[in-house]
Amino acid sequence: MASIAIVGGGPSGLCLGVLLHKQGIPFTIYELRERPCQDAASTPSGMLDLHEESGIAAIRACGLWDQFLPLTADCAESMLVMNENAEVTHQDDGGQEYRPEIARSLLTDLLLSAAPQESIRWRHKLLSATRTAAGRIALDFGDNGTFEHDFVIGADGAWSKVRPLLTDVKPQYGGVSIATMQILEATKRHPDLSSLVGRGSCAILANRNGLFTHRSVRDSIWLYVIVSGDDEHAIQDRTTGLTPQQFEDLMTSDDKLFGTWDKRTKALLETACREEGDAKGKIPPLKPMYMLPLDHKWEAQPGVALIGDAAHLMMPWAGEGVNLALWDSLDIAAAIAKAWEQCGGDNGPGKFQEALLPLMADFDGKMFARSSESAHETWNNSKIFFSDNGAQDMAGMMARLMNGPPPE
């Protein structure tokens, strides 16, 4: 019987596992993290808005729609855009498309609940993936052993160890660096900040930097601190090893960062810094964000494929990353099922690989087309958001998206 491995237990890897399990196709997921503890789902995390043709379609295919719906109440679909003086340049209630928001932690927990636990190997960090003389894929997990499989799907993110089997392309700096923080029980403890950012998503943009927020579980505000710059490691070096107070002082006093911002918008950053310091005793430095080159692609090869960020890492400014990843899972599961049916799961001299290869070429072509479109969109959005007048420029972009092109 053909042996299938999924490297990576994030949303795309877990979704693929659930879809294969529903069709009776055996597989193994290797995930470098420990199994999430029972209360992990209630831990605040970033929010993901799912789209009908991709993320929502995958959730439905997994048979999890009814369980999914109650998990989308923490963050409204509304959007606020404002400048550094808290002057609103755009406000909407989510537009005409239904795009429910779910915390990443809740989505992971939901998918994990439907995956066969015996098929997941936790704390398995992949060191390398190589092709054997017999054409199988060998996965080296160091002290955890080396395992060979007939088909390996790399769902292992930005710095994928599976990717080199298909291409030598590497992530490149995307022009901005990021840190994440959280403010718990915001409505009760910080009503002014809760009112400032609203019940959905908020973008505060000025002088090529930004504060982005989502509402998340436990009535929290999940904050992204974004600083743009040409030097990949400059702001990371400046914020490494700082105490929470030093970090706050740097962010709020340097005019090239957030020093010139109004006290209302600056208070959001100050409060988050203090809460992170109180809860964790430290604040991680801002880290560079990466993307794969636009329009990159590769030729399909026997026994290996990529999905999600491993295949098409991009900036997050179009809300497409997890949606594309779940769409990949949906499509590749269908291809695997078709090849499995054609050869009955038999891999006697590579029958499964042979049946799968043309299906993978077709899968890759469709994936390249849709991910390229989204990568260009999000890269263009990045230049809009982190311009000198980001709040006004983003407002113009949102108006065009919601109202459509002007009549001819």
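Tally Lys and Arg at +1 and Asp and Glu at -1 over the other residues with C-beta under 11 Å from the C-beta of SER371: what net charge comes out?
That works out to -4.
Quick check: net charge around ALA339, other residues with Cβ under 14 Å of its Cβ, Lys/Arg +1 and Asp/Glu -1? Don't jump to the answer; show the numbers that get you there.
Values: positive: LYS338, LYS351; negative: ASP150, ASP331, GLU341, ASP346, GLU354, ASP362.
Cβ neighbours under 14 Å give a net charge of -4.
Could you calculate the FRET efficiency of GLN117 with HIS296 from 1/(1 + (r/R0)^6), where r is the beta carbon distance between them and R0 is 51 Å, rounded to 0.05?
Result of the calculation: an efficiency of 0.90.
Rounded, prolate or oblate: which fits region 175-290, taking a ≥ b ≥ c as square roots of the Cα gyration tensor eigenvalues, rounded meaning a/c under 1.5, else prolate when a/b beats b/c? Write out the running numbers ahead of the final one.
Numbers: a/c = 1.67, a/b = 1.43, b/c = 1.17.
Here region 175-290 falls in the prolate category.
In the P(r) worked out for the chain, what percent of Cα pairs fall beyond 37 Å? Each step should come with its number before you reach the end.
Details: 20741 of 83028 pairs.
Distances greater than 37 Å cover 25 percent of the Cα pairs.
Compute the relative contact order of the chain as a whole-number percentage, counting only Cα pairs closer than 8 Å that sit 6 or more residues apart in sequence. Don't skip to the end; give the middle numbers.
Values: 818 pairs, mean separation 90.7, N = 408.
With pairs under 8 Å counted, the relative contact order is 22 percent.
What are the residues whose amide H is under 5 Å from the amide H of HIS90, where those residues sit 5 or more places off or on another chain and H is modelled from the backbone?
When sequence neighbours closer than 5 places are left aside, the close amide H contacts are VAL81.
Calculate for the chain the 222 nm mean residue ellipticity that helices alone would give, adding -39,500 (n - 2.57) per DSSP H run of length 4 or more and normalising by residue count, nearest 500 deg cm²/dmol. If you can, show how the numbers build up before the last one.
Values: 13 runs with 153 residues, N = 408.
Roughly -11500 deg cm²/dmol at 222 nm, from the helical runs in the chain.
SER128's amide H: which non-local residues (gap 5+, or another chain) put their own amide H closer than 5 Å, with H modeled 1.01 Å from N in plane and none for Pro or chain starts?
ASP140
Quick one: which of 286-292, 364-370 comes out on top by average Cβ neighbours within 10 Å, and what's the full order, highest first?
Numbers: 286-292: 20.0, 364-370: 15.6.
The densest-packed peptide leads the list: 286-292, 364-370.
Return the long-range amide H neighbours of ILE120 (sequence gap of 5 or more, or a different chain), with a cut-off of under 5 Å between placed amide H atoms.
ILE29
Mind listing the phi-derived Karplus ³J(HN,Hα) values for region 66-75, rounded to whole Hz, using 6.51, -1.76 and 1.60 with θ = phi - 60°, and x for any glycine or proline?
Residue by residue, region 66-75 yields 5, 6, 5, 3, x, 8, 9, 8, 6, 10 Hz.
Just to check I understand the Karplus step: with θ = phi - 60° and J = 6.51 cos²θ - 1.76 cosθ + 1.60, what whole-Hz values come out for region 141-154, glycine and proline as x?
After applying 6.51 cos²θ - 1.76 cosθ + 1.60, I find 10, x, 5, 7, x, 10, 10, 9, 9, 7, 9, 10, 9, x Hz.
For a quick protection proxy, order the peptides 204-215, 43-54 by their average other-Cβ count within 10 Å, most packed first. Walk me through the numbers before you get to the answer.
Details: 204-215: 23.9, 43-54: 19.7.
Descending packing order for the listed peptides: 204-215, 43-54.
Roughly how far apart, in whole Å, are the Cα centres of region 77-146 and region 277-351?
For region 77-146 versus region 277-351, the Cα centre distance is 9 Å.
Got a sec to turn the phi values of region 336-348 into Karplus ³J(HN,Hα) couplings, 6.51 cos²θ - 1.76 cosθ + 1.60 with θ = phi - 60°, whole Hz, x for Gly and Pro?
These are the phi-based 3J(HN,Hα) values: 4, 4, 5, 5, 4, 5, 5, 10, x, x, 7, 10, x Hz.
Would you mind computing, in nm to one decimal, how far apart the modelled labels at LYS287 and GLU185 are, each placed 7 Å from Cα along Cα→Cβ?
In this crude spin-label approximation the distance works out to 3.0 nm.
By how many degrees, 0 to 90 and rounded to 10, does the Cα axis of helix 263-280 deviate from the longest principal axis of the chain?
50 degrees
Considering the options ALA203, PRO116, GLN246, tell which one lies farthest towards the positive end of the dipole of the chain, charges being +1 on Lys and Arg and -1 on Asp and Glu at the Cβ, about the Cα centre.
Going by the charge dipole, the pick is PRO116.
Throughout, read-outs are computed from the coordinates displayed, never taken from laboratory work. Source: prediction; values computed, not measured. FYI the Cβ positions are ideal-geometry reconstructions off the backbone, even for glycines, and counts take in every protein chain you see.
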